[in-house]
1. Out of the residues in the stretch 299-333 that are assigned to a strand (DSSP E or B) and over 20 Å from the mean Cα position of the chain (by Cα), state the one that is surrounded by the most Cβ atoms within 10 Å (Cβ to Cβ).
2. Anything in the stretch 78-124 that is in contact with a helix residue (DSSP H, G or I) (Cβ under 8 Å, 6 or more places away or on another chain), without any contact (Cβ under 8 Å) to a residue 60 or more places away in the chain and more than 15 Å from residue 144 (Cβ to Cβ)? List them, or say none.
3. For the stretch 51-64, which positions are in contact (Cβ under 8 Å) with a residue 12 or more places away in the chain and surrounded by fewer than 16 Cβ atoms within 10 Å (Cβ to Cβ)?
4. Quick one: how many residues across the stretch 50-81 are part of a helix (DSSP H, G or I) and touching a strand residue (DSSP E or B) at 6+ places or on another chain (Cβ under 6 Å)?
5. Just one of 280, 262 is over 19 Å from the mean Cα position of the chain (by Cα) and either buried (at least 23 other Cβ atoms within 10 Å of the Cβ) or on the phi < 0 side of the Ramachandran plot (or both); which is it?
6. For residues in the stretch 25-49 being buried (at least 23 other Cβ atoms within 10 Å of the Cβ) and part of a helix (DSSP H, G or I), which is farthest from the chain's Cα centre (by Cα)?
7. Tell me yes or no: at least one residue of the stretch 183-190 is in a loop (DSSP other than H, G, I, E, B) and at pLDDT 95 or above.
8. Kindly indicate which of 168, 121 is in the same structural domain as residue 31 (by TED's automatic domain parsing), within 30 Å of residue 370 (Cβ to Cβ) and part of a loop (DSSP other than H, G, I, E, B).
């Protein structure tokens, strides 16, 4: 390891590209310009039988070393040994959810490396087992050298768990120009693909199909909206445990013809560009990357005033905020906005400006790099002293 450049090992469990994966990709692309190299370990929960992780392909295109390893329960010791070997060649471990936290924390302590964790979202609606894992995760996070959260709202929720001096708010950011590139031109083609005629509005929601995301509220609101505007189309983009339940709800409400379930989509920009209104009816949201993506495309937003959302969208400026779990309020706001195209366009332009000023990938990457250097500095001083005393700095590591 060089004394001038840094190398960070990222670890994340999953098989899809969601918000956290998109953040990791942005770091892999832009951190090298700041003298920080990245290596990524992807924990595949179902083993390696599935196709390569899409994050792996994209990160490798940036020149990043990526390892995909099975992370089934029987693989736990193998995962920890593998992390230990890779971390011996890095300056810092950065984990991104409870499994990588729980496996990475003891490894970092064993190897003598600092450990940073990003708490992307809080387990507020998951199964009893996942809530138990989340409780263990909170126990581990107390011992992290730094914990990153994407909003001040989430920082407040963790203040009783993590010492305030170790909590760091770093907003997500995007490369707005790259995200929007070609998306607007795809609008006519996408709308034709899904049978949407010119002049027929599309209301879209993007995210995991889980209770916390509030899709049931949106479907209830859709029923009321369709009574006033029968030409409306609703696109639900994402996958999750509620997929079948939500389709049954749409059938029961008599709105199935107007609602399209589009499943998981790797590239959401064309779908957003083809939409007229982006809705995020979450009961809780740590940040909501979908919001800044929609704003980058100049789309007006209606979202719940929950969690970190009000830090991203100012009510009446880039969109409108409604109380979570209030489908009547949601439908009324949406109908009023769809009836006022000039106001919708003004909100969209305000959203573009806000992304350019506050949620750029440059700001996010610079703040992340500064935190890495802040955390690594005392650790490097200690390692240099230890190295002078012993040539066996990492006696339990193997390259």
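The values are calculated or read from the model by the stated rules, or taken from the named source; none is laboratory data. Computed from a prediction, not measured in an experiment: that's the story for all the values here. FYI the Cβ positions are ideal-geometry reconstructions off the backbone, even for glycines, and counts take in every protein chain you see.
1. 319
2. Once the filter is applied, which keeps residues that are in contact with a helix residue (DSSP H, G or I) (Cβ under 8 Å, 6 or more places away or on another chain), without any contact (Cβ under 8 Å) to a residue 60 or more places away in the chain and more than 15 Å from residue 144 (Cβ to Cβ), the stretch 78-124 yields 79, 80, 123.
3. Within the stretch 51-64, 52, 54, 63 qualify.
4. 3
5. Of 280, 262, the one residue that is over 19 Å from the mean Cα position of the chain (by Cα) and either buried (at least 23 other Cβ atoms within 10 Å of the Cβ) or on the phi < 0 side of the Ramachandran plot (or both) is 262.
6. 28
7. No.
8. When all the criteria are applied, what remains is 121.
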